[in-house]
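Everything below concerns the one structure shown next.
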Amino acid sequence: MKSVVSLKGACLKFGQRTLWEDLDLDIRPGEFFAVLGPNGSGKTSFLKVLLGLQKLHSGEAALGGRPVERGSSLIGYIPQQKSFAPDTPMRARDLVALGVDGHRWGIRLSSARTSRQVDQLLELVGASDYANVPVGQLSGGEQQRLRVAQALATDPQVLLCDEPLLSLDLHHQQAVSALISKQSREHNSAVVFVTHEINPIIEYVDRVLYLAGGRFRVGAPDEVMTTEVLSDLYGSHVEVIRANGRIVVVGLPDATTHHHHAEADTMAGEVA
């Protein structure tokens with residue numbers, strides 16, 4: 001199957017520091033691809049390269065067989081969850097509509113076709129019940145469902161997700177993850193999912209790109225998320241334990257770990 005995302009000899013530097021280099025990668029349509037690693041390892045920068053917002057130091061990046069360009073119609077983008085101000089007057093359906101016709105200039109002209117598409121997207125993500133509620137009055141999980149709907153408006157070939165589960169409770173993490181996986185399975189979209197915690201998406205992930213210390217490893221979760229591989233990447237012993245279908249990583253260097261919730265200290269399995 002022909003790849004929809006391709007990197008060849010890709011190298012990205014931040015000042016004098018190399019985030020990653022000699023990265024050859026092909027992501028296929030319908031593949032759920034997770035990008036993991038500590039803060040500062042280049043996870044979000046990886047997405048910026050695909051969005052055309054960050055140039056490679058060397059190498060090539062392509063989408064659909066063409067060089068990456070800013071504003072590509074092939075891409076849908078789900079950002080990190082950030083709450084709207086409580087007094088934001090925009091309704092839920094208005095936010096989703098930006099994904100349908102937000103690229104057009106001028107005053108939005110209401111149309112039956114746009115309205116139908118917005119209704120379909122709201123139903124798809126389970127947000128029909130609060131379609132006319134101002135977004136500032138919705139919970140973080142409800143707002144994130146709307147961002148998923150907005151990203152799916154163009155039926156993208158590639159869905160880029162930048163830690164979309166941050167600040168969401170377990171229920172909403174599961175719901176948003178399932179929606180993204182559904183797009184991958186039913187519409188053959190390639191999903192590139194940046195996260196510091198693999199467990200909420202472990203059942204959906206086909207392959208992992210793990211970035212750490214200027215190095216990387218690519219493969220199936222069972223191949224990458226091991227004691228041997230992570231210890232090699234970090235240059236110090238890291239223990240990977242599997243328990244009840246979850247992955248627990250113990251011993252990550254302090255400088256690379258994210259803030260852990262209390263449950264992580266009792267081995268709940270947060271991966272930095």
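The values are calculated or read from the model by the stated rules, or taken from the named source; none is laboratory data. The shown structure was predicted, so the numbers you read here are calculated from the model rather than taken from an experiment. Backbone-built Cβ (ideal geometry, glycine too); neighbour counts: all protein chains shown.
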- Among the numbered criteria (1) within 29 Å of residue 122 (Cβ to Cβ); (2) not in a loop (DSSP other than H, G, I, E, B), which single criterion is violated by residue 86? (2)
- For the stretch 114-128, the count of residues that are closer than 16 Å to residue 139 by Cα and assigned to a helix (DSSP H, G or I) equals 2
- Note on the structure: If we take the stretch 186-232, then strands (runs of 3 or more DSSP E) inside it with 1 or more residues that are farther than 26 Å from residue 155 by Cα are 207-212, 215-219
- Query: Residue check: is residue 65 exposed (fewer than 14 other Cβ atoms within 10 Å of the Cβ), small (Gly, Ala, Ser) and more than 18 Å from residue 143 (Cβ to Cβ)?
  - Reply: yes
- Identify, please: which residue in the stretch 129-154 is of a type in the set (Gly, Ala, Ser) and outside any helix (DSSP H, G or I) and is, among those, nearest to residue 96 (Cα to Cα)? 153
- Query: Is at least one residue of the stretch 144-153 surrounded by fewer than 23 Cβ atoms within 10 Å (Cβ to Cβ), within 28 Å of residue 19 (Cα to Cα) and at pLDDT 90 or above?
  - Reply: no
- Evaluation of residue 164 against (1) part of a helix (DSSP H, G or I); (2) buried (at least 18 other Cβ atoms within 10 Å of the Cβ) (one fails), failing number: (1)
- Query: Does residue 247 satisfy the condition of being at pLDDT below 95, within 22 Å of the chain's Cα centre (by Cα), surrounded by 15 or more Cβ atoms within 10 Å (Cβ to Cβ) and in a strand (DSSP E or B)?
  - Reply: yes
- Kindly indicate whether residue 97 is under 15 Å from residue 154 (Cβ atoms), at pLDDT 90 or above and either within 23 Å of the chain's Cα centre (by Cα) or not acidic (Asp, Glu) (or both). yes
- Query: When you scan the stretch 162-193, how many residues do you find that are under 25 Å from residue 28 (Cβ atoms), within 12 Å of the chain's Cα centre (by Cα) and not hydroxyl-bearing (Ser, Thr, Tyr)?
  - Reply: 10
- Item | the stretch 1-56, subset among the hydroxyl-bearing types (Ser, Thr, Tyr) and touching an Asp or Glu at 6+ places or on another chain (Cβ under 7 Å), residue surrounded by the most Cβ atoms within 10 Å (Cβ to Cβ) | 6
- Query: Any residue at all in the stretch 5-22 that is closer than 26 Å to residue 101 by Cα, in a strand (DSSP E or B), out of contact with any Ser or Thr (no Cβ under 8 Å at 6 or more places or on another chain) and modelled with pLDDT of 95 or more?
  - Reply: yes
- Query: Of all residues in the stretch 62-82, how many are free of Cβ contacts under 8 Å to residues at least 60 places away in the same chain, of a type in the set (A, V, I, L, M) and not in a strand (DSSP E or B)?
  - Reply: 1
- Item | Matching residues, the stretch 62-86, being out of contact with any Pro (no Cβ under 7 Å at 6 or more places or on another chain) and hydrophobic (A, V, I, L, M, F, W, C) | 62, 63, 68, 84, 85
- Query: If residue 83 satisfies every condition in (1) surrounded by fewer than 21 Cβ atoms within 10 Å (Cβ to Cβ); (2) more than 21 Å from the chain's Cα centre (by Cα) but one, which is the exception?
  - Reply: (2)
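Go through the stretch 176-198 and give me each residue that's of a type outside the set (Val, Ile, Thr) and buried (at least 17 other Cβ atoms within 10 Å of the Cβ).
Let us first name the residues in the stretch 176-198 that are of a type outside the set (Val, Ile, Thr), namely 177-179, 181-190, 193, 196-197.
Result: 177, 179, 181, 183, 184, 189, 190, 193, 196, 197.
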